[in-house]
Amino acid sequence: MFSSSDSNFLYAFFFKLSFLAYTTLCAISQSTFFAVSYSGSLDRMLHRMKLDDSSATYSRKGAVIYTSVAWALVLVNVAFTLYLVFFSGGYMDVMLAPITTHVNLSDLLLARILLSLCRLYLIAAWVFPHAMSFMLAIIFTHQYKGLTKSLDVMLTESNQRRLSDWDIETLRQRHQEISVSVSDTDDFLMFHNAGTFCGQLIKSILLFYDLVFFREKNDPLVLIVRVLWIISSLVGLIVTTAGGIMVNHYVSTHGVCSMCLKLNRLVGRVDLI
């Protein structure tokens, strides 16, 4: 196994690598949403959304739930961060290496305050973009489900299970509006999702390796926090993947073609694409 000095070096090395992966994915998420917000792209896309009463109610409930969960995660992470920085016996002092290496400080309180502020910013930059991207995926998924449900209702209520030209054109326009919104969102979300997926995957692997082979502290709360870091990374990975899969399922060729074939069999001349 490793000597004590080698163990300390490797622990610091893998811990900093995981922190680098974390800051990189936070930078990607924050930069992506800042760019689309500053340019007005996100605002224009949201204003173009046409939600019926059912979708609007569903979106409001989802927004309340996801916002509450996001703030709860932020507060929990803030509490753990403050403990690790100020009350864990210097566990996070490894992140102060540039200051402690080049500046002789008798008291690290100011440096720890700066570190905690940086950590608080990174927590927000990690949580809120995930919540927003998943919320958009949920809204689009619900809109596609509502469109399919509207088609089934129209077919059930129509005579001989046939649709009028007006109903067909209404469905086609509605499908096109949703698809345009999804396409606009995908232009920036694909960069966010790709960056966060890779960053969280690398971060999870490094944190797991660090937890298994290097245990520098006997503090049980520190161990719990390290385990929660891994769990939170995996949850973020799942959220990123699930959002992409849900939307892709409804905009995929199979989903659109199934709808078209269903109408073609019933009407004989419908093309929703």
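Values quoted throughout were computed directly from the atomic coordinates according to the rules given, and no laboratory measurement underlies them. A quick note: this is a predicted structure, and the numbers were derived from the prediction, not measured. Virtual Cβ from ideal backbone geometry, glycine too; neighbours counted across all protein chains shown.
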Descending packing, highest mean Cβ count within 10 Å first, for 52-64, 27-39 is 27-39, 52-64
Given the pairs Lys50/Lys149; Lys16/Lys61; Lys61/Lys145, which are separated by over 28 angstrom at their Cα positions? Lys16/Lys61
Output the peptides 133-142, 225-234 sorted from most to least packed, where packing is the average of other Cβ atoms within 10 Å over each peptide's residues. 133-142, 225-234
Once both label points are put 7 Å beyond Cα along the C-beta direction, the Ile113-Ser68 separation in nm becomes 3.6 nm
I need to check one value: relative contact order of the stretch 4-267, counting alpha carbon pairs closer than 8 Å and at least 6 residues apart, in percent. 35 percent
